[in-house]
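Read through the structure below, which is laid out as structure tokens, and then see the notes.
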Amino acid sequence: MSISLPELPYGKDALAPIISANTLDFHYGKHHKAYVDNLNKLIAGTDLEQKSLEEIIKIAVKDSAKAGIFNNAAQVWNHSFYWQGLKKAGGGTPTGTIAAKINAVWGTYDKFAEELKNAGMTQFGSGWAWLVLDGDQLKITKTANADTPIAHGLKPLLTLDVWEHAYYLDYQNRRPDYLAAVIQNLINWDFVNANLG
């Protein structure tokens, strides 16, 4: 079993102008693909070769000698999850189960959106901002570099990529503008609600 690069759930220009086709060409076509290619090379001929991506992550995180495998596997998983959490004409106030859960924890959607954006803004260097379930508790968290909540027993519902390659071609150093634009215009709340199931 080799790990494959999943198809994007939309065309490369579908998220423009928030995320340009140029950014998707590099981010998905170069960065995400490189993590897939590197992981397959690293696990070739090992006992991890027949494992699922999630199994590889959970095994590799416990062994510092497998840091390269963990980093590439987690980045493959994180990116695949990130793409699913975005859609054209998404964002804004959620509906469904997640809306009630957000209001129960943060009081209002605006407060939630502010805290999610702040998590992405305050992640020093590269990483991810997440909406997760910790047991049955909704939380906003962040991870550095390739780290992923699934390595720590948390259930991801949504993520925002704050590696520079996610936004630099479109926003240069304006990470807050990228985060605000994605939150307001691209979050796929149907995907988030499906993850609650």
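Report, in debye and to the nearest 20, how large the dipole of the chain comes out about its Cα centre when Lys and Arg carry +1 and Asp and Glu carry -1 on their Cβ. Working shown, then result.
On the way: 18 positive and 20 negative charges, 22 e Å.
Dipole about the Cα centre, nearest 20: 100 debye.
Can you pull out the trypsin sites (Lys or Arg not before Pro) in the stretch 56-136 that DSSP calls coil and that have at most 15 other Cβ atoms within 10 Å? Mind dumping the intermediate values first?
Values: sites: K58, K62, K66, K87, K88, K101, K111, K117; in loops: K62, K87, K88.
Counting only loop positions with at most 15 other Cβ atoms within 10 Å, the trypsin sites (Lys or Arg not before Pro) in the stretch 56-136 are K62, K88.
Check cross-link reach from K58 to the aspartates and glutamates: straight Cα distance under 18 Å, and skip same-chain residues fewer than eight apart.
Output for K58: D47, E49, D134, D147.
Helix-derived [θ] at 222 nm for the chain: sum -39500 (n - 2.57) over DSSP H runs of at least 4, divide by residue count, nearest 500?
Details: 9 runs with 90 residues, N = 197.
Mean residue ellipticity at 222 nm (helix-derived): -13500 deg cm²/dmol.
Enumerate the residues in the stretch 135-169 having an amide nitrogen under 11 Å from the point lying 7 Å beyond the Cα of A104 toward its Cβ.
Only 136-138 fall inside the zone, counting backbone N under 11 Å.
Taking 24 Å as the cut-off for C-alpha to C-alpha distance, list the pairs among K33/K87; K12/K101; K66/K117; K30/K111 that go past it.
Numbers: K33/K87 20 Å; K12/K101 32 Å; K66/K117 32 Å; K30/K111 35 Å.
Result: K12/K101; K66/K117; K30/K111 exceed 24 Å.
No lab work stands behind these numbers, since they all come straight from the coordinates. Just so it is clear, the structure is predicted and the values come from calculations on it, not from any experiment. Counting neighbours? That spans all protein chains shown, and the Cβs are built from the backbone with ideal geometry, glycine included.
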